[in-house]
1. Kindly establish whether residue 160 is crowded, with 23+ Cβ neighbours inside 10 Å and within 21 Å of residue 118 (Cβ to Cβ).
2. Condition first: surrounded by 19 or more Cβ atoms within 10 Å (Cβ to Cβ), touching a residue at least 40 places away in the same chain (Cβ under 8 Å) and either not charged (D, E, K, R) or not in a loop (DSSP other than H, G, I, E, B) (or both). Now tell me which residues in region 19-32 satisfy that.
3. Applying the selection to region 163-186, what residues are open to solvent by less than 10 Å² (accessible area, probe 1.4 Å), assigned to a strand (DSSP E or B) and in contact with a Phe, Trp or Tyr (Cβ under 9 Å, 6 or more places away or on another chain)?
4. For residues in region 161-185 being free of Cβ contacts under 8 Å to residues at least 40 places away in the same chain and farther than 21 Å from residue 103 by Cα, which is nearest to the chain's Cα centre (by Cα)?
5. Only one of 40, 46 is of a type outside the set (Gly, Ala, Ser) and either within 16 Å of ligand 2 (Cβ to nearest atom) or crowded, with 21+ Cβ neighbours inside 10 Å (or both). Can you tell me which?
6. Working carefully through the options 346, 352, find the one that is within 20 Å of residue 247 (Cα to Cα) and either buried (at least 17 other Cβ atoms within 10 Å of the Cβ) or of a type in the set (Ser, Thr, Tyr) (or both).
7. Would you pick out the residues in region 338-384 that are more than 11 Å from ligand 1 (Cβ to nearest atom) and among the charged types (D, E, K, R)?
8. Going by what's in this entry, would residue 447 be described as without any contact (Cβ under 8 Å) to a residue 60 or more places away in the chain, among the acidic types (Asp, Glu) and within 25 Å of residue 173 (Cβ to Cβ)?
Amino acid sequence: MPYAELISALRGIVGDRGLLTDPSDTAPYTADWRRLYQGRTEAVIRPASTAEVAAVVRLCAEAGAPLAIQGGNTSMVGGAVPAENGRELVLSLARMRQVRDIDPLDMTMTVDAGMTLKAAQDAAAAAGCLLPLSISSEGSAQIGGVLATNAGGNNTVRYGNARDLALGLEIVLADGQVWDGLRRLRKDNTGYCLRHLFAGSEGTLGVITAAVLRLAPRSREIVVALCSVRSPEAALDLFARFQAYDPAAIQAFEYMSGMGMEMVLKHIDGTTLPLAQPADHYALIELASPRLDAGLREALESVLEKALADDIVIDAALAESEAQRAALWRLREEHAEAQKREGASVKNDVSVPVSKVPDLIGQASEACIGLIPGSRPVPFGHMGDGNIHFNLEQPEGADPDAFLARDHAIMDAVNEVVRALGGSFSAEHGVGKLKTYMMPEWRGGAELEIMRRIKRALDPAGLLNPGKVLPGSME
Ligand code: MLT
Ligand code: ZN
């Protein structure tokens with residue numbers, strides 16, 4: 001079917017509001033947040049219901065039209081943008097954003113895939129519960145994308161990743177069939193765990209249209225501190241001290257470098273450092289409990305006092321109000337934006353065993369500076385679960401394009417360190433387009449073969465998110 005005909009048939013399914021074809025309307029869907037990829041598309045399809053998604057996917061399958069499946073388009077690895085060849089149509093879930101159900105006794109919520117993570121968090125909070133997934137892009141990232149990429153974020157140390165929160169999924173398969181797996185059971189051993197297969201499949205096996213998410217009790221006491229620490233080793237020591245106090249109390253334990261903090265303070269309006277002196281290393285600690293009398297403030301103060309006395313912590317600021325808590329978190333969450341404003345940077349979203357995080361930071365910094373003298377390592381992230389964003393910022397005043405042209409050399413240098421430490425080349429951002437070339441080396445042999453067989457079984461024509469995850473998949 002010629003594309004003009006297909007597009008008019010698609011309009012028949014989703015209506016005028018559900019179809020964008022004007023290049024000025026489709027432009028935001030064709031470039032990724034990092035501006036690494038500039039794709040092209042004839043149309044962005046925006047269905048408003050699962051039935052419409054199913055009809056769209058069925059029609060595209062019949063026409064042999066590939067689909068780039070997109071949520072909030074916040075991927076760090078080019079996972080949601082269409083290819084440069086212009087053949088892919090973009091399937092956006094953004095108009096599907098209803099809460100279908102919240103049950104505070106079952107501790108579950110059922111939501112449409114296009115709802116932003118922030119809106120879902122707010123809906124859970126309004127019902128007296130906590131949706132315990134928190135990522136820097138939560139204002140734009142959508143539930144479908146968050147699950148499709150198995151996003152992690154700040155609370156993984158306590159609650160696991162997105163996959164761990166998905167009790168049920170609703171999926172539109174490559175041929176347009178709908179699998180209604182919206183069960184909200186804690187125990188359900190009935191064959192292969194399909195929801196775990198679709199979570200993290202990055203849109204290559206099916207389209208997530210809705211999910212049942214596991215909720216947690218809302219926190220009644222939350223305490224947050226920002227500390228300057230002597231070294232990454234000192235940050236890890238501090239983490240171990242909080243774990244020894246009560247691992248269940250730790251809601252987040254984040255590391256930041258002096259370089260990253262400097263960039264946030266320079267580029268992000270309204271940020272200030274609430275400590276006497278800037279430092280080379282920082283830790284942000286959040287403790288939380290559903291109990292009102294958990295004594296977390298006393299615990300935080302006593303662990304920090306001892307760490308100050310032992311010269312592990314240099315200085316500490318404790319949030320005294322919700323506004324101060326938000327201000328401390330802003331210093332951490334604006335890291336990606338600040339680095340973008342500073343210039344070109346190459347991201348390495350990697351994980352190692354928690355105990356190896358200081359080795360990773362030290363050895364990868366050395367490797368990168370050796371490779372590109374003057375380049376600026378900006379390691380930061382989720383120390384409590386072993387996931388560091390080992391980002392490398394271009395040397396000051398250098399040509400950004402020349403720096404970015406070396407991205408594979410930089411990623412490979414960091415990955416060599418990661419491999420030696422028993423880590424992974426992608427912790428929470430996924431493989432997307434950017435890291436497909438790494439798959440044979442890291443996941444080759446039987447593992448990649450299993451993935452290819454699954455892909456062939458579920459999407460034999462290779463129409464769902466081509467060019468993502470699997471190397472050599474059709475574009
Ligand atoms: C974060 O934790 O802020 C994100 O994963 C962003 C990043 O890696 O730059
Ligand atoms: Zn992160």
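1. Numbers: crowded, with 23+ Cβ neighbours inside 10 Å: no; within 21 Å of residue 118 (Cβ to Cβ): yes.
Taking the combined requirement at face value, the residue does not satisfy it.
2. Looking only at region 19-32, we keep the residues that are surrounded by 19 or more Cβ atoms within 10 Å (Cβ to Cβ), and these are 19-20, 26, 29-30, 32.
From what is left, the residues that are touching a residue at least 40 places away in the same chain (Cβ under 8 Å) are 26, 29-30, 32.
Residues satisfying the conditions are 26, 29, 30.
3. Step one: filter region 163-186 for residues open to solvent by less than 10 Å² (accessible area, probe 1.4 Å), giving 165-166, 168-169, 171-172, 176, 181.
Among the residues that remain, those that are also assigned to a strand (DSSP E or B) are: 166, 168-169, 171-172, 181.
Of everything in region 163-186, those that are open to solvent by less than 10 Å² (accessible area, probe 1.4 Å), assigned to a strand (DSSP E or B) and in contact with a Phe, Trp or Tyr (Cβ under 9 Å, 6 or more places away or on another chain) turn out to be 166, 169, 171, 172, 181.
4. Filtering region 161-185 for residues free of Cβ contacts under 8 Å to residues at least 40 places away in the same chain gives 162-163, 171, 179-181, 183, 185.
Remaining after also requiring farther than 21 Å from residue 103 by Cα: 171, 179.
Values: 171: 20, 179: 25 Å.
The qualifying residue nearest to the chain's Cα centre (by Cα) is 171.
5. Values: 40 fails: either within 16 Å of ligand 2 (Cβ to nearest atom) or crowded, with 21+ Cβ neighbours inside 10 Å (or both).
Every option except 46 fails the conditions.
6. Numbers: 346 fails: within 20 Å of residue 247 (Cα to Cα).
Every option except 352 fails the conditions.
7. Correct list: 341, 342, 356, 359, 366, 376.
8. On the way: without any contact (Cβ under 8 Å) to a residue 60 or more places away in the chain: yes; among the acidic types (Asp, Glu): yes; within 25 Å of residue 173 (Cβ to Cβ): yes.
Criteria met by residue 447.
The values are calculated or read from the model by the stated rules, or taken from the named source; none is laboratory data. This is a predicted model, so every value here is computed, not measured. Neighbour counts run over all protein chains shown; Cβ positions are idealised from the backbone, glycine included. These area figures cover heavy atoms from the full protein model, side chains too; ligands, DNA and RNA do not enter into them. Shrake-Rupley method; radii C 1.70, N 1.55, O 1.52, S 1.80 Å.
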